[in-house]
Structure formats: structure tokens, C-alpha cells
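One structure is given below, encoded as C-alpha cells.
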Amino acid sequence: MLKYLLALKKIEGLGNLSIRTLIDNFHDPERIFNAHFEELIQVPDIGEKIASKILSFQGWNSIDKELSLLEKLGVNVIPYWDENYPELLKNIYDYPAFLYVKGQLMKEDICIAIVGSRQASAYGKFTTEKIARELALQGITIVSGMARGIDSAAHYGALSVNCRTIAVLGSGIDVIYPPENKDLYNKITEFGAVISEYPPGTPPIAAHFPARNRIISGLSYGVVVVEASDKSGSLITARFALEQGREVFAVPGAIDHPGSRGTNKLIKQGAKLVQNIDDIIDEISPMIKEHPALRKKTDVDQKGELKELPADLSEVEKMVMLLLSNEHPLPVDTVIQKSGFRANEILNALLILELKGLVKQLPGKRYVRDH
């Protein structure tokens, strides 16, 4: 099936929406290439020209080479029907029919994007790392584009506390851009994921980056812009976020600094001003409660006491619930140490459990059961 899915991407004139329409009609990518001409042209938006290109496709050798390369690189292909495909991304119009992924996507990821200028100031980098680090410590997965400046600082902020971060590339999954971010790339794949919609070997041409930005915002509940000029690509990401129904946040800057013009303009236009992470979390909390990991109700009796662990909890969440009690708060470091899981997994589980109303955070990052 994967071979034929990759082949669809090679058909000139066939975009994400058309690929998904074809698969929805034929239910199997292989059947598309074995279909009759008359069957293909009956599919909406598949005209005679594209139908002919599908049936005359001869690039199978290149597909076999790509599959071998993906295996060698340790890259997975996640189609839109896979359970690990980000659910939130499916809410945008032109979401990719499949993603190339190095690392691990998690359906439990609750994402916030942080983007900004490539020519970032020391203040911009410091502020970005601080925001990313503090959000990550609340169980938020940080999304950015692995570019120089603010993007890199956002990833480093999450990685500094060994938490999850996702990089979306405007190039092939094996093309590291900028090249000096090779170490960052490797760290991200260890603690999160690097993703792309472009085949291996695709160069980082300018036209790819606006398309890349729609995925950054599409993965996220909100986009935080830190430093942006009047013509910054970060403003494109903010526009996509608005179109996709995501929240837009901006960190204010000095009025005489060129890198603050874009962010200050966003605030004038209605973006939420960010002074600390509470400004972000308070705004997105109502949206997060619709997250797939939070949709099922917990099993609570009439006295409000938990009869047993809810069936929909992940293994990490179950471990956290078993470690916590109603009366004796545990510091987050103790929960991590006793659990045997990674810090980022525990932090993400604590956030989800808090939003489910099963645990409560007390001052000093101490936790108790809340039921």
C-alpha cells in the first residue's frame, strides 16, 4: 500500500485533496493504479488528463529507491488515516495526505507553535527559550520550523528540560536546513519528531516555507510570535493560524526595534499579548478540553470518588494516578523518579490528567489526586 501512496505524490497535478478523494473512493491506493479510466474520471476533480497520468505512471523504480532510503534513514510514512496522524492537523483544509516522520508522533501531544525572526536579538532568543521551557514543563509539545533564530531557540528551550518538540521542515526529511542545525535535528528526533510533507532529497526552496507554515499552525492550538519584521514569514504562520481557527499570541518588543514591528502590529490587530505562559495556557485551555485524549468521561461515583482507574488512560497516566494520593502531595521530580518514565511523558500525562479533573497542581509543582 505504501508504495502506491508514495506514487500518487509523484503524479503531476495531483494535490493533497485529490489524493485523499481518490483514496476515499477506492479505499486502497493500489486499486487506484489498477482502476479503469472510466472509474477514475468519475471521481470529483479527477479529469481525463490526471487519470491518464495515473494509468501511465512508470516511476516505480524511483519509488522502490525511495522506500529503501526511508528504511535506511529510519523514517516512517504516516498516512492521514493512521491513528498516529495528528488529529488537529486534519482540521485544516489542505492537510497532507501523508507525512514523513523521523522520531515519534504521539496522539497525546498538545502542541503550541513558537515562531519568529531568523535574525533574532539576544532578548528574543532568551524570551523564546524561557517560554518554550516553561510551556514544556507544563506538558506542552513545542512546534517550530527549525530555522535559525527564534525557531531554533524554541526547540532548544524544550530540549533543555528533556521535553518533546516537533520540527516541521520546508525540505525533504533528510535535508537539514540550515546545515549547522544537524545536532539540533538529531536531538529533536530523540525527544520528539522531525516531519515533512516533501520526499527525501527535496531542497529547501523558498516556495516550500509558506506551505510548511500551514502545518506548523495546523498542528497547534495556538501560535506564539516572538520578534518579526513587517515582512517576516512568521506573519504568514499567524495568518494561517487565524484562518484555521487557532489562537495567535505575540510577545511585545521595543517600539524602535525593527524586529518588533511585526509582533507589535499583531497585538494592535488583536493578537493576545504574552507576558508569561499563563497568558497562553488560560486562552487555550477551553480548546484543549476537546483534545482526543480528554474526550471520554471518567468513572466517578455519586460521592465524587474514583471507583477505579478510567479505562481510557494511557499507561503513563495510569502510573501517575497510582503514585498520587488525595492527601499527600508529591513533587513532580518525585513522580518522575518513581514512575520509570521519561520526564516529558510524565509532564504530558500530568497536564492531561489535570485537564480531566483527575489531578490538581499545588504550589511548588506538587500534585495530588483531585477526585
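The values are calculated or read from the model by the stated rules, or taken from the named source; none is laboratory data. All figures in this text were calculated on a predicted structure; none of them were measured in a lab. Don't worry about glycine lacking a Cβ; one is built from the backbone with ideal geometry, like all the others, and counts go over all protein chains shown. In case anyone asks, the SASA skips ligands and DNA or RNA and just uses the protein heavy atoms, side chains included. Shrake-Rupley method; radii C 1.70, N 1.55, O 1.52, S 1.80 Å.
Among residues of the stretch 306-339 being open to solvent by less than 100 Å² (accessible area, probe 1.4 Å) and acidic (D, E), the one that is modelled with the lowest pLDDT is D312. Residue count for the stretch 18-39 under the criterion of being open to solvent by less than 60 Å² (accessible area, probe 1.4 Å) and either touching a residue at least 24 places away in the same chain (Cβ under 8 Å) or farther than 24 Å from P199 by Cα (or both): the result is 11. G74: within 22 Å of D174 (Cα to Cα) and exposed (fewer than 13 other Cβ atoms within 10 Å of the Cβ), yes or no? So G74 passes the test. Taking A241 as the residue in question, decide whether it is in contact with a helix residue (DSSP H, G or I) (Cβ under 6 Å, 6 or more places away or on another chain), more than 29 Å from I63 (Cα to Cα), surrounded by fewer than 22 Cβ atoms within 10 Å (Cβ to Cβ) and modelled with pLDDT under 95. Taking the combined requirement at face value, the residue does not satisfy it.
From I140, I110, I114, which residue is open to solvent by less than 20 Å² (accessible area, probe 1.4 Å), under 16 Å from S220 (Cβ atoms) and at pLDDT 95 or above? After applying the criteria, what remains is I114.
Figure legend. Inter-residue proximity from the stretch 92-104: first residues of a type in the set (S, T, Y), second residues part of a loop (DSSP other than H, G, I, E, B) and at pLDDT 95 or above, beta-carbon distance below 6 Å, spacing 6+ or different chains. Indicated pairs: Y100/V75; Y100/I173. Inside the stretch 40-58, residues that are out of contact with any Ser or Thr (no Cβ under 8 Å at 6 or more places or on another chain), open to solvent by 20 Å² or more (accessible area, probe 1.4 Å) and not charged (D, E, K, R) make up a count of 8. Restricting attention to the stretch 243-258, the residues that are touching a strand residue (DSSP E or B) at 6+ places or on another chain (Cβ under 8 Å) and outside any strand (DSSP E or B) add up to 2.
For the stretch 1-17, filtering for residues that are open to solvent by less than 20 Å² (accessible area, probe 1.4 Å) and either over 18 Å from L99 (Cβ atoms) or among the aliphatic types (A, V, I, L, M) (or both) leaves 6. Listed conditions (1) free of Cβ contacts under 8 Å to residues at least 40 places away in the same chain; (2) open to solvent by 10 Å² or more (accessible area, probe 1.4 Å) are all met by A211, apart from (1). Hey, can you tell me all the residues within the stretch 171-180 that are open to solvent by less than 30 Å² (accessible area, probe 1.4 Å), touching a Ser or Thr at 6+ places or on another chain (Cβ under 8 Å) and either over 27 Å from I63 (Cβ atoms) or not aliphatic (A, V, I, L, M) (or both)? Within the stretch 171-180, S171, G172 qualify.
Counting only residues that are without any contact (Cβ under 8 Å) to a residue 40 or more places away in the chain, farther than 11 Å from E227 by Cα and open to solvent by less than 20 Å² (accessible area, probe 1.4 Å), the stretch 247-284 holds 2 of them.
Here is a yes/no grid of residues against (1) surrounded by 24 or more Cβ atoms within 10 Å (Cβ to Cβ); (2) of a type outside the set (S, T, N, Q):
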| residue | (1), (2) |
| --- | --- |
| K102 | no, yes |
| M106 | no, yes |
| S121 | no, no |
| R148 | no, yes |
| S160 | no, no |
| R164 | yes, yes |
| L169 | yes, yes |
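Restricting attention to the stretch 181-204, the residues that are touching a residue at least 24 places away in the same chain (Cβ under 8 Å) and open to solvent by 20 Å² or more (accessible area, probe 1.4 Å) add up to 11.
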